[in-house]
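The values are calculated or read from the model by the stated rules, or taken from the named source; none is laboratory data. Note that the coordinates shown come from a computational prediction; the quantities given were computed from them, not determined experimentally. So basically every Cβ, Gly included, is an ideal-geometry build from the backbone, and we count neighbours across all protein chains shown.
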Amino acid sequence: MSEVAGELARVRSAFEQPTLTLLHQRQAPVVITVFRAAFGRDNRPVSTGRLHAQVEEHLTELRLAGERDLPQGTGRDLCQRWMKGQWLVRSLDELGNEVYTLTSHAQQALEQVKALSRDRATLSEHRIGTLLSTVRRFNSEANPDPGARVGILNAEIARLQSERDRLLEGGAVEAADEDYMAQGFTELQLLVSALPSDFARVEERFAEIRAEILAAFRAEQRPAGEVVDEYLARADTLMTATPEGRAFEGAFALLRDDELVAQLRDDLSALLEHPLSGAILADVDRAELRGTVRLIREGLDRVLAQRARVTATLKEYIVAHDAARDRELEQTLRQVESELMTWMDNTGPRTVLEMALLPDRVGVEHLRERFYDPADHVRPARLPAAPQEPSTPPTYEELRAQGGPSVSELRTRFVTALSAPVGADGRRAASLGAFFDALEPELRRPVEIFGLLHLAAERELAVAGEPETYRAVRPDGTERAFAVPRVELSDPDPDPDPDRSRTEDPR
């Protein structure tokens, strides 16, 4: 194969990667926009139902904005299609809920678009200085010659000591110009934006290893002991078995140093408080750089959780699944042997038993015909507001007619009725009900009965056992009869011997 043909094969394999297939399709701007709006910069997991609704909502907004070339289908169909393209992955979170996350290929595509949307860094003193310092540090750490390493370290120590002595002697501090700061922030943003996809790539590798372990156990093409020994050894060296695992192990060793993390946080805060940072960075860029430490810790937690799932898979499958299957098989064989011995004791040598190799089908008489319908739980439409008609306030007489008993006026009438005879025959009313029926209609409301009973209780009048009828008149003129215990109206100052006043000498 010629050199050009080999290069073409390498380029063609690169274009077959999910990252370039996402960027190369016609609707790539729309898909990238939906991913950025739904997952954010830190690739936070989104529940399946929520993402389906968000995809439909975002596409509706783009359609109203005039965009015509949009993906067709529901939110669920599009997410399924994107999963087949290896841009989305569906898994279970810690609570057992299904969530979507972006794959490392999709995150890498988002990084490319984000890098191209920024002002591209040009050749500058900052870029050349960064290149030289990186190469110098790399050589000092990788050079196998001890003398060369010592020479590099001595030169660096001398340079730093000279700079420190100059500042201590009162030398001027050279301030960085705006171009230098802009180049530095651009390179820093590129490094930070690559972290989510790096963590996702390690996490996906652990998921692949977990799937390979499960597939090997289920295939059962080798003895169980051999499979267990091999994968237990692989679990012990899991972090160093792949390039992604070795890279993560090195990063984890550095980032679990609290002093190093604190130094990173302090350096970022100092850069963001620089006088020129306000004119260079937007609020979104400042928030992204300020959340770098949190972004790193979340990526580490996700990778460690995926590694814990691999270890848990090995433990559960080896300890629980195989042991349970062996016990079930042993119990089944013992039951078959016991039933066979019983059958042989009760039958002859030529007895034939018709036994089905497969169980019969289960006959289901009724299947569920109605399933859950979300329309059954939709709230009814809001009732229209009743028109506000102007109302006239009630008069004083109307309010008084709806009020309580007229105790003061009833007391005056009651005292007068007890002290003076009432009626044509010169006798007062015999009972409280008769007194009530003789009052005016305004004082015969149903509530006035309670007022009269209150006045009778004050004077401790006798209550008979039989009831009597009170004919009350409501404020609207209708009458209503009430059965109330009879209350006798006695003489307030009775004479014990009425004949004595006529026979005794007044002298």
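Here are some notes:
- Qualifying residue in segment 376-399 (condition: charged (D, E, K, R) and under 30 Å from G433 (Cβ atoms)): yes
- Counting only residues that are under 14 Å from L88 (Cα atoms), surrounded by 18 or more Cβ atoms within 10 Å (Cβ to Cβ) and either of a type outside the set (V, I, T) or touching a strand residue (DSSP E or B) at 6+ places or on another chain (Cβ under 6 Å) (or both), segment 46-59 holds 3 of them.
Condition check ((1) touching a strand residue (DSSP E or B) at 6+ places or on another chain (Cβ under 9 Å); (2) in contact (Cβ under 8 Å) with a residue 24 or more places away in the chain; (3) of a type in the set (D, E, K, R)) across all residues:
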{"position": "L167", "(1), (2), (3)": "no, no, no"}
{"position": "G170", "(1), (2), (3)": "no, no, no"}
{"position": "A176", "(1), (2), (3)": "no, yes, no"}
{"position": "G184", "(1), (2), (3)": "no, yes, no"}
{"position": "E187", "(1), (2), (3)": "no, yes, yes"}
{"position": "L190", "(1), (2), (3)": "no, yes, no"}
{"position": "F199", "(1), (2), (3)": "no, yes, no"}
{"position": "R205", "(1), (2), (3)": "no, yes, yes"}
{"position": "E208", "(1), (2), (3)": "no, no, yes"}
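- Residue satisfying condition, being in a helix (DSSP H, G or I), out of contact with any strand residue (DSSP E or B) (no Cβ under 9 Å at 6 or more places or on another chain), at pLDDT 85 or above and not hydroxyl-bearing (S, T, Y), within set I128, I152, I157: I157
- Residue within segment 63-74 that is farther than 24 Å from A200 by Cα and of a type in the set (D, E) present: yes
- The helices (runs of 4 or more DSSP H) falling completely within segment 376-448 that include 1 or more residues that are over 60 Å from the mean Cα position of the chain (by Cα) and modelled with pLDDT of 80 or more map to 407-419, 432-437.
- Verdict on T101 being farther than 11 Å from V31 by Cβ, modelled with pLDDT of 85 or more and surrounded by 15 or more Cβ atoms within 10 Å (Cβ to Cβ): yes
- Subset of segment 60-102 [part of a loop (DSSP other than H, G, I, E, B) and farther than 30 Å from A308 by Cβ]: A65, G66, E67, R68, D69, L70, P71, Q72, G73, T74
- Test: residue in segment 60-67 that is surrounded by 14 or more Cβ atoms within 10 Å (Cβ to Cβ) and either touching a residue at least 40 places away in the same chain (Cβ under 8 Å) or touching a helix residue (DSSP H, G or I) at 6+ places or on another chain (Cβ under 6 Å) (or both): no
- When residues of segment 258-282 are limited to those that are among the acidic types (D, E) and loosely packed, with under 10 Cβ neighbours inside 10 Å, the one nearest to E298 (Cα to Cα): D258
- Residue count, segment 1-27 (criterion: assigned to a loop (DSSP other than H, G, I, E, B), among the hydroxyl-bearing types (S, T, Y) and surrounded by 10 or more Cβ atoms within 10 Å (Cβ to Cβ)): 0
- Counting only helices (runs of 4 or more DSSP H) that sit completely within segment 232-337, those holding 2 or more residues that are at pLDDT 75 or above correspond to 258-272, 277-280, 283-290, 292-315.
- Candidates R50, R36, filtered to the one that is basic (K, R) and in contact (Cβ under 8 Å) with a residue 12 or more places away in the chain: R36
- Boolean, T33 is of a type in the set (S, T, N, Q), modelled with pLDDT of 85 or more and closer than 30 Å to L289 by Cβ: yes
- Yes/no for P387 being surrounded by 10 or more Cβ atoms within 10 Å (Cβ to Cβ), under 30 Å from P475 (Cβ atoms) and out of contact with any Asp or Glu (no Cβ under 7 Å at 6 or more places or on another chain): no
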